[in-house]
Amino acid sequence: MNSVESIRQKIITSLGQALASLQQDGTINVDDLPLAELEVPREKQHGDFATNIAMTMAKKARMNPRQLAQKIVDRFDRTGTWVQDIQIAGPGFINFALDHRWLYPVLVHVQAEDHAYGTSDAGQGKRVQVEFVSANPTGLLHMGNARGAALGDTLANLLRAAGFDVQKEFYINDAGNQIENFAKSLEARYLELLGHDVIFPEEGYHGHDIIETMQGLIARDGDRYVQMETAERRAALVAYGLQEKIGAIRQTLANFGVEYDVWFSEKTLHESGAIQETLETLRTNGYVDENEGAQWFKATAFGEEKDEVLVRSNGIPTYFAADIAYHKNKFDRGFDWVINIWGADHHGHVARMKNAVQAVGYPPEDLDVILMQLVRLFKGGEIVRMSKRTGQYITLEELMEEVGKDAARFFFVMRGADSHLDFDLDLAKSQSAENPVYYVQYAHARICSILRTAQDAGAAVPRVASAPASMPSSCGLTGCGSCDVSGTSLTSLLKAAPAAPDNIDLTVLTHPSELALLRKIADLPDEVARAAMQMEPHRMARYAQDLAALFHAFYTHCRVLNDDPALQQARLLVVDDTRIVLRNVLHWLGLTAPERM
RNA sequence: GCGCCCGUAGCUCAGUGGAUAGAGCACUGGUCUCCGGAACCAGGUGCGCAAGUUCGAUUCUUGCCGGGCGCACCA
């Protein structure tokens, strides 16, 4: 349990005891005692924690809220709570102010946990799957995919940090109508490139990229497919096309910092008979109707307006049928929680999917669908118009070329998923103060610069109690490179430097900007857990900005390298803790933490 | 027509059943003998509208207005 949570629990327990005591001697006459809730007041002057318990209980206790509050406070045992001062305020709030010395142990704790600081066991090892992007393998990744990639990857990182057992998955739509279309489009381009007269399919994919794909094939195999039967030719072209496209998507996502645990092919659901089995399950459970030669999912049984086709009258299952089989497969694999990230244009699908999950025998509330609103690109103050149909759109590759991976990821994850995102290309590209990405990264680089200077002067970050053997030593992310290279990083250089005495005096840290920074650092485990469990990765982006701002303020007000050895030691510790937190957060956000800029 | 999302400062967006609703940008004025000025400090306007639930609503409910998106034997 982290420091904040431990103090919070102690206060809640003490409140509960105070209430129980009042109940016992009949001062308040109620049957059941609610558990007090502690909140962090908006206003700093209202203390570190506050509870509204006196207000919520006032009516049942038939007592004036402020009077009740006073009685609670009188019985409140502050042993072990760090509570220094209690005030009754406003309509009946009880405000608790902590002795700021509670923050000092946190400073040491951060050092001990290092890469693991901020992680927790909030998720209790529950198995979670996050499926995101899942773009059609018929083209390049666009802005919507990019937003999904940043949100999904960050969310998965945060869930992992919060103690969930997380799997990242990409669902490959390599079956169905759009693949037919893809095949026809490839064929048209192929023949066209070889000088044949063809009419490009009406519903085909117009993107220039598939011309390049076919140029690649011609370079490899020449015109040998021209003579083939149409079906055979299309099969050959589409096999090549899919392989090429999926490879490109995978590479682009890797460049964007996204690595999946599983790439799941829709086609395998058709080939393995999983779809048929799922249809059987649905039929057994009584959710299938036959009508006009097609098979329907009885969505109306769940209060929907109309049923949905599962198998067309031509015998081919719909995307919906495959998707049900896919979700059944996910739950069959034993996930406790399944999260999908979809574009908002698929919102009509959400209720159906949840109903279908229930129909195959799983609890629909174990499925969460995060809908993300569309992205609008701005350049020079103008909207950049995009059209998928004509292939006129900016790709993720182009975006990364233009603004870089870090800026792109940060901008996508900076806003809540359900808010429309205006992506200002000029701003993301600008290396200036207006750009929040640079603001945050600058704080990290500035810290590293201070530590370098300290090292050159022969000073070092004080050595603190080393981590117990049971302490996790990595960030909790699989495939994380930065934890492995810590042996050569600045940190270890500093740690290897002549050690300062273990016993440093932290009580010299009293400046308001120091304490505010420490308080923010102490909040990290809670913030991570909250962002993860509420599925709100944008909270982490905000946390990073807030922390950077607090650091910059601290930097201006508190001279780190100074001629008071005790103060310098203590402040070096603050600075290095801030570095650790910034680095960890940037890491979960998928951004680099530059030591120089 | 039905359904989903959104409406908060000039702009882009946070936020919470509570006590004086925040941040960045933009605008104005300040801060540096010194650790990175990509920094800091100060300055002011706002919860689309109207009812309801509540001790208390920007938050929850309903209606309306405005914007976006869905409503195929497409995915």
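The values are calculated or read from the model by the stated rules, or taken from the named source; none is laboratory data. Please read these numbers as outputs of a predicted model, since none were measured by experiment. All Cβ positions, glycine included, derive from the backbone under ideal geometry; neighbour counts span all protein chains shown.
Table for the structure above
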read-out: Search result, residues across region A:551-567 that are more than 8 Å from RNA strand B (Cβ to nearest atom) and modelled with pLDDT under 95; value: A:Asp563, A:Asp564, A:Pro565, A:Ala566, A:Leu567
read-out: Odd one out for A:Gln70, checked against (1) part of a strand (DSSP E or B); (2) surrounded by fewer than 20 Cβ atoms within 10 Å (Cβ to Cβ); value: (1)
read-out: Selected residue (only one of A:Val258, A:Val288, A:Val238 is within 24 Å of A:Tyr326 (Cα to Cα), touching a residue at least 60 places away in the same chain (Cβ under 8 Å) and either in contact with a helix residue (DSSP H, G or I) (Cβ under 8 Å, 6 or more places away or on another chain) or surrounded by fewer than 13 Cβ atoms within 10 Å (Cβ to Cβ) (or both)); value: A:Val258
read-out: Candidate set from region A:48-66 (those that are polar (S, T, N, Q) and at pLDDT 90 or above); member that is farthest from RNA strand B (Cβ to nearest atom); value: A:Thr51
read-out: Every pair of residues 6+ apart whose Cβ atoms lie under 6 Å, when the first sits in region A:362-377 and is without any contact (Cβ under 8 Å) to a residue 60 or more places away in the chain while the second is among the aromatic types (Phe, Trp, Tyr) and away from RNA strand B (no atom under 15 Å from the Cβ); value: A:Tyr362/A:Phe331; A:Asp366/A:Trp337
read-out: Residues of region A:437-448 satisfying the condition of being under 19 Å from A:Leu517 (Cα atoms) and within 6 Å of RNA strand B (Cβ to nearest atom); value: A:Tyr439, A:Tyr442, A:Ala445, A:Arg446
read-out: Close pairs from region A:552-563: first under 13 Å from A:Val574 (Cα atoms), partner of a type in the set (Lys, Arg), Cβ under 6 Å, at least 6 apart; value: A:Val560/A:Arg571
read-out: So A:Gln358, is it within 11 Å of RNA strand B (Cβ to nearest atom) and not in a loop (DSSP other than H, G, I, E, B); value: no
